[in-house]
Every structure is written in structure tokens, then in C-alpha cells.
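Notes for the one structure printed next.
The values are calculated or read from the model by the stated rules, or taken from the named source; none is laboratory data. All of these numbers come straight from a predicted model, not from anything done at the bench. All Cβ positions, even for glycine, are placed from backbone atoms using ideal geometry, and neighbour counts span all protein chains on display.
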Amino acid sequence: MTDTTELTETAAAARPKPALDLKFYSHATLECRNLAFTRRFFEEFLGFEVVTTSPISMWARMGGKQIVVVVQSSGKPKDSMPFLNHNGLDVPDDAAVDHAYEIVTRDAELWNLTKISKPRLQHGTYCFYFWDGDDNCWEILSNPEGGYSWMFERGDQTGAGHMAKNFERPTLASNKD
């Protein structure tokens with residue numbers, strides 16, 4: 001069996017040199033309709049740490065240095081976030097996904113949550129999706145510590161890759177049984 005570090009170094013050596021000399025993916029931006037309500041949603045429901053950056057914007061973070069910038073839209077109708085543009089929130093195991101699903105469905109009316117899918121095995125994780133009151137799409141998924149870094153340890157996938165029904169999931173501490 002090959003050492004994971006060796007695989008990662010080999011993959012890094014094979015990559016072409018990028019045109020830009022970038023160092024860190026620092027943030028993504030979401031729109032909201034009502035900054036005060038959205039801040040409460042991020043803090044009281046999702047559990048993000050939040051700071052206000054202006055009367056119409058805030059920054060939020062959870063578990064790392066990357067942030068979500070949230071900006072109140074200009075009053076024009078805001079489109080619903082397409083499913084493929086969703087935001088992923090990791091929990092440690094499948095039972096935590098089921099527990100989060102119970103809370104999301106229980107509190108859906110309070111937080112204006114819609115389009116709540118049922119938990120299922122998908123793309124190498126167990127997960128479900130929902131849209132918040134600002135029509136931003138969220139995924140809650142079981143992932144080992146470090147998120148999707150396990151996929152980079154596996155390297156390029158062939159065939160259906162992580163979308164295959166028989167894709168080998170990463171081992172989670174509480175899913176080893």
C-alpha cells in the first residue's frame with residue numbers, strides 16, 4: 001500500500017503551474033433579504049460566529065478561516081440558489097445528519113426553511129438539503145474531520161467517481177460498526 005503523503009506529493013508534482021499565484025480561498029458571498037433576520041439564523045440556528053461589517057453586510061465563519069460574506073440585496077427580487085451551488089455543513093457521523101434533519105424539519109416554519117430533502121447516501125456521504133429564508137441552499141453531511149480532504153487523498157476518480165452508488169465512503173469514527 002502506498003503512503004498517502006507520497007500520493008499527494010506525486011499528484012502535486014504532476015499538476016501544471018497555474019497562471020495566477022494564489023494562496024488561499026478566503027470567502028464566498030451570499031445574498032440576504034433582511035440582514036438582522038439572517039444574522040439570527042446564522043448564529044442561533046446554524047451556529048456560525050458572526051460580525052457585522054456594515055449596515056448591509058456581515059461576515060460569518062465556522063470551524064476554520066474561510067468566511068461567508070453575506071450582503072443584503074438591493075430590494076430587487078432575489079433568485080433561489082440553484083441546487084448545485086449549495087453550501088456544505090459537516091457533522092461527524094450519520095446519526096448527526098439524522099438529528100440535524102429532525103431539527104430542520106421541526107424548526108422549518110420558524111426559520112422559513114423550504115425544499116427539505118430526506119437524508120440519503122449520495123456522493124460518498126450521507127446528507128440532506130434545504131433552502132433557507134433567503135433561498136440559499138444548504139447541505140448537512142457526514143464527513144470525517146477535514147471535510148472533503150479525503151477525496152484529494154484518493155486522487156482523480158474514473159467512471160462515475162463519487163456519484164457511483166457503490167462508492168466507498170470514508171470511515172467515520174461512529175460509523176465503523
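Could you please find all residues in segment 45-60 being surrounded by 15 or more Cβ atoms within 10 Å (Cβ to Cβ) and not small (G, A, S)? F45, L46, F48, V50, M58, W59 - these are the residues of segment 45-60 that are surrounded by 15 or more Cβ atoms within 10 Å (Cβ to Cβ) and not small (G, A, S).
Only residues that are of a type in the set (V, I, T) and surrounded by fewer than 14 Cβ atoms within 10 Å (Cβ to Cβ) were counted in segment 123-176, giving 2. In segment 112-122, the qualifying residues are those that are buried (at least 17 other Cβ atoms within 10 Å of the Cβ) and farther than 15 Å from P92 by Cα, and the one that is modelled with the highest pLDDT is L113. Yes or no: D135 touching a Lys or Arg at 6+ places or on another chain (Cβ under 9 Å) and of a type outside the set (F, W, Y)? It is true that D135 is touching a Lys or Arg at 6+ places or on another chain (Cβ under 9 Å) and of a type outside the set (F, W, Y).
Of the strands (runs of 3 or more DSSP E) that lie entirely inside segment 95-177, those containing 2 or more residues that are over 21 Å from S80 (Cβ atoms) span 120-122, 125-131.
For segment 89-107, the condition of being among the polar types (S, T, N, Q) and closer than 22 Å to V50 by Cα holds for none of the residues. Is it true that P77 is part of a loop (DSSP other than H, G, I, E, B) and exposed (fewer than 15 other Cβ atoms within 10 Å of the Cβ)? Considered against the rule, which asks whether it is part of a loop (DSSP other than H, G, I, E, B) and exposed (fewer than 15 other Cβ atoms within 10 Å of the Cβ), P77 comes out as yes.
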